[in-house]
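The values are calculated or read from the model by the stated rules, or taken from the named source; none is laboratory data. Everything numeric in this text was worked out from a predicted model, so none of it was measured. Every residue, glycine as well, gets a Cβ built from its backbone with ideal geometry; the counts of neighbours run over all protein chains shown. Surface accessibility is based on the protein's heavy atoms, side chains included, excluding ligands, DNA and RNA. Shrake-Rupley method; radii C 1.70, N 1.55, O 1.52, S 1.80 Å.
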Amino acid sequence: MNRSAIVRALLALAVLAISGFYVLTSSPTLGLDLRGGAQIVLETRDTETVEADAEATDRTIEVLRRRVDALGVSEPSLTRSGDNRIIVELPGVDDPEEAADALGRTAQLSFHPVLGTAGPDAEPGEQDGGELVLPDESGQSLRLGPTAVSGDQVSDANAVLDTVSGRGWVVEVEFTGDGPDAWQQLTAEAACYQFNDPQRRVAIVLDDEIISSPEMNANIPCDVGITQGATQITGNFEAEEAQELAALIQGGA
């Protein structure tokens with residue numbers, strides 16, 4: 001019989017602009033399990049303005065799934081139980097407390113200007129001078145400037161089928177507070193660069209990983225940017241791809 005741990009941690013998740021993961025109970029308790037591994041029980045709770053319903057919990061699962069993948073666990077399981085509970089099973093985990101910490105940290109969403117590409121020898125992470133180097137969706141390393149829009153300036157994100165213009169599935173993002181002005185300034189500067197120039201892109205980063213880096217469309221004026229406090233991300237998405245991206249943005253907001 002292998003030594004293992006059953007970790008049960010009750011977490012509160014605020015599911016919109018103040019969303020995050022906070023441990024409410026005492027330290028995880030350890031035990032034994034025949035196959036080894038860890039089980040973590042999470043629970044979403046209402047905020048003053050948002051109900052922690054099944055939809056909100058499903059969005060949270062998308063964020064957690066990426067964190068579980070980063071742990072390198074073989075055949076993990078993430079299951080919603082009821083409307084607001086998530087059961088995470090991690091077979092073969094040697095350090096369940098470390099896994100609980102990884103799943104329980106506050107999600108960090110941010111939008112950055114792209115300063116250019118990085119050399120092949122550049123190491124991911126923060127560089128001297130405040131730049132951040134991260135690989136994009138294709139694996140190309142990008143040099144990113146400081147955060148221009150933060151997650152708490154995002155109010156909503158949804159996957160929408162655009163039947164009017166025929167662009168298929170898109171992701172609509174809405175901003176709040178100072179977010180509309182910050183987004184307009186970020187896109188106003190990016191739109192001044194030529195097409196296919198990396199600096200015409202904006203990087204959306206979740207937990208130190210670029211989840212999307214769209215280029216400004218041709219109809220976005222230089223020095224004007226995207227107004228109205230909202231934007232659409234296009235990319236020939238399949239329905240599942242658009243829904244996943246919307247869930248990640250929403251879950252990290």
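Brief remarks follow.
- Average accessible surface for the stretch 115-204: 53 Å² per residue, computed with a 1.4 Å probe over protein heavy atoms with every protein chain in place.
- Inter-label distance, nm, simple model (7 Å from Cα along the C-beta direction), Asp46/Asp223: 5.0 nm
- Mean Cα-pair separation over length for the stretch 45-108, i.e. relative contact order, pairs under 8 Å, 6 or more apart, %: 30 percent
- Relative contact order (%) - criterion: Cα under 8 Å, at least six apart; region: the stretch 63-156: 22 percent
- Listed residue (Gln184, Pro76, Ser141) projecting farthest to the positive dipole end of the stretch 53-199, Cβ model: Gln184
- The stretch 152-185 versus the stretch 199-253: alpha-carbon centroid distance in Å: 8 Å
- Annotation: extensible slack from Thr106 through Asp58 equals 15.6 nm (criterion: 0.36 nm per residue apart, minus Cα-Cα distance).
- Rg/Rh for the stretch 66-169 (Cα atoms only, Rh after Kirkwood) is 1.05.
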